[in-house]
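These notes concern the structure reproduced below.
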Amino acid sequence: MSTSMAAQGSNGSSARSKLPSMIVFDLDDCLWTPEMHELPGMPEIPVHGDLDDNGTQGVVGLQVMRYQDTVKLYPGARKVLHELATNPKYKDITLATASSSLEPSYSYACLDGIEILPGVVMGDMMSHNQIGRTGRLSPDKVDHFRLLHEESGIPYTEMLFFDDCNWGDHCARVSERYGVVGQQTPYGLQWEEFLQGMSKFEKQAASK
Ligand SMILES: [Mg+2]
């Protein structure tokens, strides 16, 4: 990996850099289902299954004690996160979450419990998390993005955002306010939507 970096030179802002510096994911109904407020309690029982198409076993979901309710990733979201975790092409992209979850402790439990690779949980991949709607956060994701920007120092125009947008057009909000490139994922993140988002970002970067 270091040799390919060297080949690109030390100038991170070269014309070849068309990947976002940061990808921000909504959680409920974008990466996983169901929504946290639909759960009857803390999701805490590991559910095992295939982490990928090759039969690698791991914790694919978390179930609520004494209930059938289980939080699982959408297949497309699992594929996207697996790709981001394993493809060297994406290794310099910072990953983050922006969720207006009504139950942030459940959200963090899922991030800390659901694996993408054996021994690598979702939370290990995320450098920044803004989850909730109280305190400095609100249901308006403009707040989440302001804090992500403050924490990371990454310009808004170098961010790509995925959100189901089924309860308000969060993508449009942060695009209008900050110029963040957004991709809607109304049925949970699909692989094609990931590629569309990356392509949208590349076009915006090229237009500058
Ligand atoms: Mg959502």
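Things to note:
- Residue list for the stretch 182-204, restricted to those being away from the ligand (no atom under 11 Å from the Cβ) and open to solvent by 40 Å² or more (accessible area, probe 1.4 Å): 187, 190, 191, 192, 195, 196, 199, 200, 202, 203, 204
- Within the stretch 166-181, being within 13 Å of the ligand (Cβ to nearest atom) and open to solvent by less than 20 Å² (accessible area, probe 1.4 Å) holds for one residue alone: 171.
- Conditions (1) assigned to a loop (DSSP other than H, G, I, E, B); (2) in contact (Cβ under 8 Å) with a residue 60 or more places away in the chain; (3) within 14 Å of the ligand (Cβ to nearest atom); number of the one not met by residue 162: (1)
- The set of residues in the stretch 138-151 that are out of contact with any strand residue (DSSP E or B) (no Cβ under 6 Å at 6 or more places or on another chain) and away from the ligand (no atom under 16 Å from the Cβ) comprises 146, 149, 150.
- Some residue of the stretch 105-127 being open to solvent by 20 Å² or more (accessible area, probe 1.4 Å), of a type in the set (Asp, Glu) and under 18 Å from residue 52 (Cβ atoms): yes
- The strands (runs of 3 or more DSSP E) falling completely within the stretch 93-137 that include 1 or more residues that are within 16 Å of the ligand (Cβ to nearest atom) and either touching a Pro at 6+ places or on another chain (Cβ under 7 Å) or at pLDDT below 95 (or both) map to 128-131.
- Any hit, the stretch 11-25, residues being farther than 27 Å from residue 200 by Cα and assigned to a loop (DSSP other than H, G, I, E, B): no
- Listed by first and then second residue, the pairs linking a residue in the stretch 29-54 that is away from the ligand (no atom under 12 Å from the Cβ) to a residue that is open to solvent by 60 Å² or more (accessible area, probe 1.4 Å) and assigned to a strand (DSSP E or B), with Cβ atoms under 8 Å apart and 6 or more places separating them unless they lie on different chains, are 47/72; 48/57; 49/57; 50/57; 51/57.
- Number of residues in the stretch 32-69 that are out of contact with any helix residue (DSSP H, G or I) (no Cβ under 7 Å at 6 or more places or on another chain) and not in a loop (DSSP other than H, G, I, E, B) equals 14.
The values are calculated or read from the model by the stated rules, or taken from the named source; none is laboratory data. None of these values were measured; they are calculated from a predicted model. Here the Cβ is made from the backbone with ideal geometry for all residues, glycine too, and neighbour counts use every protein chain on show. Protein only, heavy atoms only, side chains kept; ligands, DNA and RNA dropped before computing areas. Shrake-Rupley method; radii C 1.70, N 1.55, O 1.52, S 1.80 Å.
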